Structure formats: structure tokens, C-alpha cells
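The values are calculated or read from the model by the stated rules, or taken from the named source; none is laboratory data. Keep in mind that what you see is a predicted model, and the values were worked out from it rather than measured. For neighbour counting, all protein chains shown are included, and Cβ atoms are generated from backbone atoms with ideal geometry for every residue, glycine included. In case anyone asks, the SASA skips ligands and DNA or RNA and just uses the protein heavy atoms, side chains included. Shrake-Rupley method; radii C 1.70, N 1.55, O 1.52, S 1.80 Å.
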Amino acid sequence: MRLSHKYSALLVLLAVVAVAPLFFPSSYYYRVASLVCVNGLAVIGIVILTGYAGQISLGHAGFAGIGAYACALAPVHLGLHPGAALVLGALVSAGLAFLVGRPILRLKGYYLGVASLGFGILVSMVLTNESAITGGPDGMQVADLGLRGWLAGIGLRLTTGQFWYFVNALAMLIGAWLALNLNERATGRALRALHGSETAAATVGIDVARAKLSAFVISAVYASVAGSLLALQNRLVTPDIAGYMHSIEMVTMAVLGGVGSVLGAIFGAAVLTLLPQVLTAFDQYEQIALGLIMMLVMIYLRQGIVPGLLALIRGRGT
Amino acid sequence: MSTETGRPLLVVEGLGIVFGGLRAVHDVGFALKPGEIVSIIGPNGAGKTTLFNMISGLYMPASGSVRLDGEVVTGMASHLLARRGLSRTFQNLQIFPAMSVLENVMSGFHLKEKGSLFADLLNWPTARSRTRAIEAAARALLARVGLERAAEREAGALSYGSLKRLEIARALALSPKVLLLDEPAAGCNATETEEIDRLIEEIAHEGTAILLVEHDMKMVMRISNHIVVLDHGEKIAEGDPATVSRDPRVIEAYLGVQQEGSHAGG
Ligand SMILES: Nc1ncnc2c1ncn2[C@@H]1O[C@H](COP(=O)(O)OP(=O)(O)OP(=O)(O)O)[C@@H](O)[C@H]1O
Ligand SMILES: [Mg+2]
């Protein structure tokens, strides 16, 4: 029996997540790997929005910011458990994406890019300037999720690094599973259809505006949850999380690894999270090396590293 | 004849549109009954595709009305028309090139497959079984247009003639009451044209009303119940194939050109 594309992708992910810790010499590696996973989660949302539906957003860090600050603020002001704050953040992000997406998704290509960039900047401005609530540029402390202590109570003792690695990896796996499910069903196919031809999509009964909006809302929830997890892990948030550099980083990760593929985008997130650590060996040339690698990948593997290499291998095979 | 009875499914009245001073279509009307094949003919630039675009909700008509199965649907969005049983193909091909051939046709079943977003995200059994059912139906449609062996191929890699048939299969997936075909045989070889010809008659026989734009006059004259002739956006003649082919204005505006210049492109 042949394994479907979906389950082979999920198995690969699961295997890598399970096996990777065997090669972690220190707790620092857990910390980096947990960052890979949280970035992986965020870029799965970009796969749905950009890879499936063909819509660009340069403002998704705005939703990561909302998720992060929800975890910082809701426990203080609303007395919510940090876990519930994550859910609240996701709901707020979804609602905001619904409101913002409606007008801006009428735009296409770089017009949409600039409009979404504007949204992201707006969120980061609010977070920076409302310092009475958000602590301004210095950011604020985030309460402890408490789950690690509870696990220790039932006999499962994990270091902070280990704990966050497994939480984020689990979130990423669930995120991948949901996105791969979507891809096989009417909703995902409709997104890929309108990516190919909006005219034809409308002709077969797809409500193009609504489909784009749902992709935008779903991807906002991914970014929001990733932002929340990052804040809970760091126990600190600053407005940088909503900054446009972070938005561009998300898109770059996805495109570099392969924005049309969940596995590819996660790989891109891994590469761009790990490379700066590896390239520190190049000292002051670190940024140059990073830029060069990105350019070369785009020139020679336009679909992204994973789909590009797969196509090369298949081309050889036949 | 069954085509003579029954109330019309599609009624177009006084339809018109202007593009920057150009009256691309002006005061065009006709009616289409179940099982009937009505053809729109006319030279290049006569306004045939523009007429299709107005009926299928891509262009907002400046004047006139379109009624589908008794309901006024003038200028209604395409996806809403699809729900009401109107489906079409495109002269310049509108496929989903990155999808497999099978998925292109499965997209045509969107309205039948679509459930709740959460059922799709969570892979609920109801969503799974709907996809399985429409996949089988899509394969059957591919077999019907002779593309079953290309099912798993990427659509963008298919030949022009195959893509024409793929579009028909996708349009049929909606089980349309009214089907608009814009030059379905353009760019097809003789065998393919014959197959498409046979397919169109079959579809009409099942009760679908067909509006056809086609430059292949042999095909048009053979399968049409009624022909509307457009020139410079206006209806210059109409009637059954025999009447239309004898009309002097038609011969001058269209058929004459055909005979001298052999093929009309498009
Ligand atoms: N969107 C548009 N904007 C401006 N002019 C248009 C537009 N669409 C069509 N036209 C013009 O309207 C006229 C009718 O074009 P249309 O495509 O409907 O002709 P047609 O009968 O389908 O021709 P063909 O046989 O070549 O397909 C042409 O002069 C064309 O240039
Ligand atoms: Mg045309």
C-alpha cells in the first residue's frame, strides 16, 4: 500500500522531531530547536495563505504580536490563565484578520503586500506607543504557563528547554496535520483553484472573496498561536515580535523552503533559524553569507529548497 | 420535438455593453430551452465572448436583462450563478495549471463537496467520504471526455485539445442546467472535434440547455437547433441552420468571409 502524501509528510516530521533530541549535546540546542518549531508553526499559516491561495502578507507578525501580548496582558488585566490567554489571542487575531482582510484582500500582488505591511506596522506602533499598558519598547514580563510544574507534579520532570521543545513541536505537528487535511478537502482545493484562476474558481461556484478571507483568518491564527508560544517560552515580550522584519522573516522562511509545501516551509524555518547560529563562524561576514545563500537558493531552486530538490531528484530518476 | 416544448431556461433580452465608446454588444436577445443547442456565430470581434461574459456574471451589462430558470440574474456574480445551475468554458482556457487533471475536475464539484471549514480542517469522516464520492464522479467524467489516463498528470502539461476537453469535464461537474461553451473545438484536430461534437449532442440530449460559440461551421450547422448571428455587437439574423445559411446578410458578414479567407482565427 502506498502512503498518501499527507501521512508521509507527517511521518517525516514526527520522526525528525522524535529523533533530533538524541543529537542535542546541551540544553542550548533544545532552545534553538524549540524556536525552529515555533517558527515552523507560523510559516504553516503562510503556506495556507501564500502557498495554497497565492495571497501575500507582509504583516503577519502583527498577529504574532497580538498573540504574544494577549499572553502578557490577559493574565494581568483579566485574570486569565496564560493558556486561556493564548486562546483569547487567537480569537482576537481571527476577528481582526476578518475585519482587515475584507478590504485588503480585494487588492492583488504588491498592492496587497504593501497594505498588509501597513497593518503590521500599525500593530507594532500601537504596542510600542501604548507604553502605559504594553510597557513600550522595553516590553513586559509574561506569566508562567504552569504546565511544566504540573507535569513535574505527576512525575514527568523536564528542563525548561525540553518542555518548550516538546510543546512547540506538538503545536507544529498539529498545525501541519490541520494544513495537510485542508489541502485534500474542498476548502484547500478551492484556495489552490483561485490561486490558479480566480475567474475559473468563481465559475465552479467558489466564493473567491470568502475563500481568501478564510485563508487570511486561518493563517492569522497560526501566527497568533506561534506568537503566544514564543512569549510564554521567553517569559518576556517586546514590540519587535510584531515588527515588519519578523513579518518578512516569516515569508522568507516559507518561500526559501517551499511555500507550496508544508514540509518545505518548515524546512525553510529550520534553515533560517539555524543558519545564523552556524554562520557565526563567519564572524562579521555572517549576514553576507546568509544573503548569498538565500539568493542562490532562489536562483537555482525557485520553488524553494524542498520542492526544488524533489523535482531535481525526480528529473534524474526518469 | 422535446426542444419545442418546455419553458425557456435562459432568457436574454436587450443585452448591451459599451467599452470606451465601443458598443461591443448592443440589444441582443434570445431564449434557450432545456435540451436545446443555440449557437452564436459571427466574425472575430463580433461580441460573442463579451455576450458570454455578461451572461456568466463576469461583465456587468449596461442594459438589458438575463433570466435563469425564471429568476432575474442580470449582473449576478459568477459563483452565485454556478449555484443556480449555470456553467461555462472559456475560449482562452481557464484551468488550474498547478493541479492534477483529476483535481481540476474535482474543483468542478466544489458545491457538492463543500462542508464546514472545521470538518475539512479536522478531517472528519463526513468530509472524507464527500471527497471520496466526488473523486469517483470526477474520474467518471474524465472517462467521458477521454482523459481518464491523464488523471494524475499536472494539468498545465496537457495539450491544448486535451485542455479544452478538461474544461468541458469540469463544467459538467456542476451538473449545469445551462452550459455555455466558448469555441470548444478551437485548436482541436478533426478526430477531437468530432468527439466534442458528439459529446455536446449527448449533453443536450440529457436535458442541458447549451449555448455554443464555435467557428467550425460544419459543426454549428449540424448540431444547432437555433442560430443567432452577431456582427459588430448586433444581432443581424437568427433562425434554424438552413434559414441562417441562406440569409444574404449572414453570407456577407460572416460566411462570405469564411469562404474567401478559409479559416477564421480566434
Ligand atoms: N474587457 C474589454 N475591454 C475593452 N474592450 C473589450 C473587452 N472585451 C472585449 N472587448 C472588445 O469588444 C469587442 C468584442 O470582443 P469579443 O471578444 O466579444 O469578440 P468575439 O466575438 O468573441 O471574437 P472572437 O471570435 O475573436 O473570439 C472587440 O472589439 C473587443 O476588442
Ligand atoms: Mg471570443
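About the Cα centre, and with charges only on the beta carbon of Lys, Arg (+1) and Asp, Glu (-1), how big is the dipole of segment A:165-310? Nearest 20 debye, please.
Computed charge dipole of segment A:165-310: roughly 440 debye.
Here the alpha carbons of segment B:22-106 define both size measures, Rg and Dmax, at 14.4, 41 Å. Looking at chain B, the DSSP beta bridges with both ends there are about 55 percent antiparallel. Model label points for residue A:281 and residue B:27, set 7 angstrom from Cα along the Cα-to-Cβ axis, are 8.2 nm apart. Remark: the Cα gyration tensor places segment A:29-244 in the oblate category, a/c being 1.5 or greater and a/b not exceeding b/c. For residue B:12, the shell of other residues with beta-carbons less than 11 Å away shows a net charge of 0, using +1 for Lys and Arg and -1 for Asp and Glu. For residue B:100, nonlocal amide neighbours, meaning residues 5 or more places apart or on other chains whose placed amide H falls under 5 Å from its own, are B:155. For residue B:25, the residues whose amide H sits under 5 Å from its own are B:17, ignoring neighbours fewer than 5 places away on the same chain, with H placed 1.01 Å from N.
Using the 1.4 Å probe convention, the accessible area of chain B works out to 43 Å² per residue with neighbouring protein chains retained. Rounded to whole numbers, the Karplus 3J(HN,Hα) couplings from phi for segment A:166-175 are 6, 4, 5, 5, 5, 4, 5, 5, 5, x Hz, using 6.51 cos²θ - 1.76 cosθ + 1.60 with θ = phi - 60°, and x at Gly and Pro. Among A:253, A:295, the order of accessible area from largest down is A:295, A:253, computed with a 1.4 Å probe on protein heavy atoms. Remark: segment A:150-158, residue by residue, has Karplus-estimated 3J(HN,Hα) of 5, 4, 4, x, 9, x, 9, 8, 10 Hz, where x stands for each Gly or Pro and the curve is 6.51 cos²θ - 1.76 cosθ + 1.60 at θ = phi - 60°. Straight-line cross-link partners of residue B:177 among the aspartates and glutamates, defined as a Cα under 13 Å from its Cα and at least 8 positions apart when in the same chain: B:36, B:69, B:206. Within the protein assembly as shown, antiparallel bridges make up roughly 55 percent of the DSSP beta bridges whose residues both belong there. The angle between the Cα long axis of helix B:190-205 and the longest principal axis of the Cα atoms of chain B comes to about 80 degrees, rounded to the nearest 10. For segment B:212-228, the Karplus equation 6.51 cos²θ - 1.76 cosθ + 1.60, evaluated at θ = phi - 60°, returns couplings of 10, 10, 7, 8, 6, 5, 4, 5, 4, 5, 6, 9, 7, 7, 8, 10, 10 Hz by residue, with Gly and Pro reported as x. A simple spin-label model places the labels of residue B:67 and residue A:292 7.3 nm from each other, with each point 7 Å out along Cα-to-Cβ.
Summed over both chains, the area buried between A and B is near 2500 Å², taken from the accessible surface of protein heavy atoms with a 1.4 Å probe.
Split the accessible area of chain A by element, probe 1.4 Å, and carbon with sulfur accounts for 69%. Taking the three principal axes of the alpha carbon atoms in the protein assembly as shown, the coordinate ranges are 91, 55, 47 Å, sorted in descending order.
Averaged over the residues of A:210-218, the number of partner chain Cβ atoms lying within 10 Å of the residue Cβ comes to 1.
Cα-Cα over 23 Å: which of A:212/B:112; A:212/B:114; B:33/B:114; A:212/B:48? The partial results should precede the final answer.
On the way: A:212/B:112 20 Å; A:212/B:114 15 Å; B:33/B:114 30 Å; A:212/B:48 31 Å.
From the list (A:212/B:112; A:212/B:114; B:33/B:114; A:212/B:48), the Cα-Cα distance tops 23 Å for B:33/B:114; A:212/B:48.
Projected label points at residue B:117 and residue B:251, each 7 Å from Cα along the beta carbon direction, are separated by 6.2 nanometres.
When peptides A:123-129, A:218-224, A:172-178, B:34-40 are sorted by average Cβ neighbour count within 10 Å, with the highest value leading, the order is A:218-224, B:34-40, A:172-178, A:123-129.
When ligands, DNA and RNA are left out and all protein chains stay put, how many square angstrom of accessible area per residue does chain A have with a 1.4 Å probe? Please report the intermediate quantities before stating the final value.
Working: 14700 Å² over 318 residues.
Ligands and nucleic acids excluded, the figure is 46 Å² per residue.
Normalised by the number of residues in segment A:29-244, the mean separation of alpha-carbon contacts (under 8 Å, six or more apart) gives a relative contact order of 47 percent.
Each Cα pair under 8 Å and six or more residues apart adds its separation to the average, and for segment B:161-245 the resulting relative contact order is 25 percent.
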